[in-house]
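Colleague: Sending over a structure as C-alpha cells; questions will come in a sec.
The values are calculated or read from the model by the stated rules, or taken from the named source; none is laboratory data. Keep in mind the model is a prediction, meaning the values are calculated, not measured. Note: ideal-geometry Cβ built from the backbone for every residue, glycine included; neighbour counts use all protein chains shown.
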Amino acid sequence: MSQTTNKTRAFGSPSRYVQGRNELDLLKEYTDAYGNRVLILIDTFFYANYSKKFEEMYANGTSTVKTYEYKGEITADKIAAIVNEAKAFNPNVVVGMGGGKTMDSAKAVADDFKAATIIVPTTASTDAPAIGLSVMYNEQGVHIGARHYVKNPDLVLLDTDIIAKAPIRFLVAGMGDGLATFIEARANFQSASPNYVGKGYSATVAVRAIAQACHETILNKGISAKLAAEAGLCTQDFEDVVEANTLLSGLGVQNSSCAGAHSIAEGITILPECAKLLHGEVVAFGILVQLVIEGRCKDEIKEMYDFFNAVGLPSTFEMLGISDATSADIMKVAQESLKSYWDTEPFAITAQMVYDAIMMANILGKEFQK
Ligand SMILES: [Zn+2]
C-alpha cells in the first residue's frame with residue numbers, strides 16, 4: 001500500500017479536447033492556432049490517403065506541412081531518427097494521427113522540438129491520447145518504461161467519422177479500458193494513493209466525478225454505442241461512449257492511478273495467447289478479478305458480467321484463448337501481476353489471493369453465460 005505523504009492535491013489534463021464528425025477536415029484551422037511549421041506523423045494504414053489530403057489542405061496558406069509515415073515500434077532510436085530527419089524543417093506543431101505508438105511518438109518528437117502537440121486518435125480503444133506520457137519499447141517489442149512530459153497534449157482532436165468506421169473490436173476494448181477507470185480509482189481513493197500528476201499528489205473532487213461519469217456512461221450507453229458503430233452511425237450515445245473511452249478514462253487514470261485491473265492486464269500477457277489481445281480486452285478481465293478480490297457486492301458483479309456478455313468483452317479463460325492454462329500458468333500470472341499496481345489496493349495482496357480471484361472470475365464468467 002502506497003499512501004500519499006502530503007495532502008496537496010493536483011489535476012492534469014490536455015489543454016483542449018475536440019470531438020465530432022469530420023473535425024479532421026478543419027485540422028489546418030486548429031494547427032494555425034499553434035504554429036506554421038506542421039509535422040504530421042501518420043500511421044502507415046492511413047498514410048496514402050491522408051498525406052495527400054493534408055498536403056492539399058496546406059497548399060495555399062502561410063503554414064507549411066511535412067508528413068511522415070509511421071510504422072513499427074516506438075523506441076528511443078526511432079524518435080531520435082524522426083527528430084533528426086525533421087531538424088531542418090524545425091516544426092513548431094507536431095501532430096500524431098493513428099494508434100498508441102504513433103500518438104506516443106508524436107508526443108516525444110514534440111517534446112524534443114518544444115513544439116505544440118496535437119493528438120488525432122483513429123480508434124477509441126484506450127485512454128492514451130489525453131495523457132502526458134509515452135510508453136516506450138525496445139526493438140523486440142518489449143515494454144521498457146515510460147517517458148513523462150511536463151505537459152499533456154495541447155489538443156486532442158477526434159474525428160468520430162473515422163472512429164465509427166474502425167473495427168468494432170477497438171470501441172469495445174476501449175470500453176474495457178474505460179470501465180477500469182472507476183473500479184481502479186475507487187481502490188486508490190480508499191487507499192489514499194498518489195495519482196500520476198507530476199511526482200504524485202492527492203486526488204481531487206474533479207477526478208471522483210469524472211471516474212463516476214466514465215463508469216455510468218459506458219454501462220448505460222455502451223450497448224447502444226456498439227450497435228450504432230456497427231451501422232457506421234455517430235449517434236449521441238456513440239459520441240458519449242467515445243468521450244468516456246478517451247477523455248474521461250484518460251483524465252481518470254492520470255488523476256487517480258491504476259490498481260488491480262491493470263496489474264492483471266500486465267501479468268496475463270506472459271501467456272502468449274493474451275499478448276495478442278487488445279489492451280482493453282485484458283484490462284477488462286482484470287476488472288473482474290479486482291471485483292472478486294475486493295469482495296464487491298453481488299449486484300455490482302452481476303452488472304459487470306451482464307455488460308461484458310452484452311458487448312463481447314472477455315469474462316472466461318475460453319474467451320481469452322487460455323482454456324488450456326494450467327494451475328502453474330495462472331500462479332505465474334498472479335506472481336507477475338504483483339510487479340504492477342496491486343500495492344494501490346486498500347489492503348495487502350498476495351499471489352495466492354490473486355490466483356484464487358483469477359480462477360473465481362473465470363468460474364463466474366461461465367456461470368453468467370448460462
Ligand atoms: Zn489502460
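Colleague: Filter region 245-263 down to the residues that are more than 12 Å from the ligand (Cβ to nearest atom) and within 11 Å of the chain's Cα centre (by Cα), then identify the one that is farthest from P153 (Cα to Cα).
Modeller: Start the filter on region 245-263 by keeping residues that are more than 12 Å from the ligand (Cβ to nearest atom), which leaves 247-248, 251, 255-256, 260.
Adding the requirement that they be within 11 Å of the chain's Cα centre (by Cα) leaves 247-248, 251.
Working: L247: 12, L248: 15, L251: 12 Å.
Here the answer is L248.
Colleague: Do we find a residue being closer than 30 Å to Y355 by Cβ and within 16 Å of the ligand (Cβ to nearest atom) anywhere in region 219-230?
Modeller: Scanning region 219-230, I find no residue that is closer than 30 Å to Y355 by Cβ and within 16 Å of the ligand (Cβ to nearest atom), so the answer is no.
Colleague: Need the failing condition index for V283 against (1) closer than 30 Å to V205 by Cβ; (2) touching a Leu at 6+ places or on another chain (Cβ under 7 Å); (3) among the aliphatic types (A, V, I, L, M), just the number.
Modeller: (2)
Colleague: Between residues in region 237-264 that are free of Cβ contacts under 8 Å to residues at least 24 places away in the same chain and residues that are assigned to a helix (DSSP H, G or I) and surrounded by fewer than 24 Cβ atoms within 10 Å (Cβ to Cβ), which pairs lie under 8 Å by C-beta distance while being six or more apart or on different chains?
Modeller: D237/K221; D237/S224; D237/A228; D240/T217; D240/K221
Colleague: Among the numbered conditions (1) under 30 Å from A203 (Cβ atoms); (2) part of a helix (DSSP H, G or I), tell me where A81 comes up short.
Modeller: With (1) under 30 Å from A203 (Cβ atoms); (2) part of a helix (DSSP H, G or I) applied to A81, the lone miss is (1).
Colleague: List every residue pair whose Cβ atoms sit under 6 Å apart, with the two residues 6 or more apart in sequence or on different chains, where the first one lies in region 169-181 and is within 21 Å of N255 (Cα to Cα) and more than 10 Å from the ligand (Cβ to nearest atom) and the second, anywhere, is among the polar types (S, T, N, Q) and modelled with pLDDT under 95.
Modeller: Every condition considered, no pair remains.
Here is a yes/no grid of residues against (1) surrounded by fewer than 24 Cβ atoms within 10 Å (Cβ to Cβ); (2) under 18 Å from T217 (Cβ atoms):
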{"residue": "L251", "(1), (2)": "no, yes"}
{"residue": "S256", "(1), (2)": "no, yes"}
{"residue": "G260", "(1), (2)": "no, no"}
{"residue": "G267", "(1), (2)": "no, no"}
{"residue": "L278", "(1), (2)": "yes, no"}
{"residue": "V283", "(1), (2)": "no, yes"}
{"residue": "I287", "(1), (2)": "no, yes"}
{"residue": "Q290", "(1), (2)": "no, no"}
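Colleague: Right, another one. When residues of region 264-293 are filtered for being assigned to a helix (DSSP H, G or I) and either over 20 Å from V354 (Cα atoms) or within 16 Å of the ligand (Cβ to nearest atom) (or both), how many remain? Write out each step before concluding.
Modeller: Keep residues of region 264-293 that are assigned to a helix (DSSP H, G or I), which gives 264-268, 272-275, 279-293.
Now narrow it down to the ones that are either over 20 Å from V354 (Cα atoms) or within 16 Å of the ligand (Cβ to nearest atom) (or both): 264-268, 274-275, 279-290.
The qualifying residues number 19.
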